[in-house]
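The values are calculated or read from the model by the stated rules, or taken from the named source; none is laboratory data. Here the structure is a predicted model, which is why all the values come from computation and not from measurement. Cβ coordinates were reconstructed from backbone atoms using ideal geometry, including for glycine residues, and neighbour counts include every protein chain displayed. Heavy atoms of the whole protein, side chains included, go into the accessibility calculation; ligands, DNA and RNA do not. Shrake-Rupley method; radii C 1.70, N 1.55, O 1.52, S 1.80 Å.
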Amino acid sequence: MRTTILALTAAAAFATMPQMALAQSSGKTISKTGSSCPSGFNSSGSKCVSRGDAVAIQKVGSSCPSGFSTSNNNYCVSTKSGAQAVIKSGSSCPSGFKTSNNKYCVK
């Protein structure tokens with residue numbers, strides 16, 4: 001009984017943790033900023049959905065990471081197939097990624 005209560009308590013604590021610790025990554029579906037989506041993406045409610053192979057990420061500051069170009073001032077869209085990026089959180093990048101413009105991690 002005690003093990004069950006501890007497991008349920010741990011599960012509840014994990015489920016209510018703030019999700020801000022998760023870095024936003026590039027993808028074929030991203031959150032919409034303002035009323036427009038990046039080029040190559042369609043608007044779908046509060047999201048932007050890729051019409052093809054393009055991936056995008058929210059733009060941080062005035063520059064995009066390596067392998068991405070600015071679109072609609074708020075986004076960075078991949079310029080090469082297979083490009084991946086995450087907004088850098090902390091001082092290091094996830095395994096397999098390298099720092100780009102000191103704001104992003106790219107693969």
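Remarks
- Of everything listed in (1) within 13 Å of GLY40 (Cβ to Cβ); (2) assigned to a strand (DSSP E or B), the single unmet condition for VAL86 is (1).
- For region 89-107, the set of residues classified as among the polar types (S, T, N, Q) and either in contact with a Phe, Trp or Tyr (Cβ under 6 Å, 6 or more places away or on another chain) or assigned to a strand (DSSP E or B) (or both) consists of THR99, SER100, listed by residue number.
- Scanning region 26-49 for residues that are within 11 Å of the chain's Cα centre (by Cα) and in a loop (DSSP other than H, G, I, E, B) turns up SER26, LYS28.
- When region 38-63 is filtered for residues that are without any contact (Cβ under 8 Å) to a residue 40 or more places away in the chain and hydrophobic (A, V, I, L, M, F, W, C), the ones remaining, listed by number, are PHE41, CYS48, VAL49, ALA54, VAL55, ALA56.
- Checking SER81 against (1) closer than 15 Å to SER25 by Cα; (2) out of contact with any Lys or Arg (no Cβ under 9 Å at 6 or more places or on another chain); (3) among the polar types (S, T, N, Q), the condition it does not meet: (1)
- Hits in region 50-60 (condition: in a loop (DSSP other than H, G, I, E, B), of a type in the set (Gly, Ala, Ser) and either crowded, with 19+ Cβ neighbours inside 10 Å or under 15 Å from the mean Cα position of the chain (by Cα) (or both)): ALA54
- Residues of region 97-107 classified as open to solvent by 60 Å² or more (accessible area, probe 1.4 Å) and of a type in the set (A, V, I, L, M), total: 0
- Among the candidates VAL49, VAL55, VAL60, the residue that is within 14 Å of LYS107 (Cα to Cα) and either modelled with pLDDT of 95 or more or of a type in the set (Val, Ile, Thr) (or both) is uniquely VAL55.
- Close pairs (9 angstrom Cβ cut-off, 6 or more residues apart or separate chains): surrounded by fewer than 16 Cβ atoms within 10 Å (Cβ to Cβ) and at pLDDT 95 or above in region 69-96, part of a loop (DSSP other than H, G, I, E, B) and of a type in the set (Ser, Thr, Tyr) anywhere: SER69/THR79; THR70/SER62
- Filtered by the rule that a residue be closer than 13 Å to SER25 by Cα and assigned to a loop (DSSP other than H, G, I, E, B), region 65-78 gives a lone residue, PRO65.
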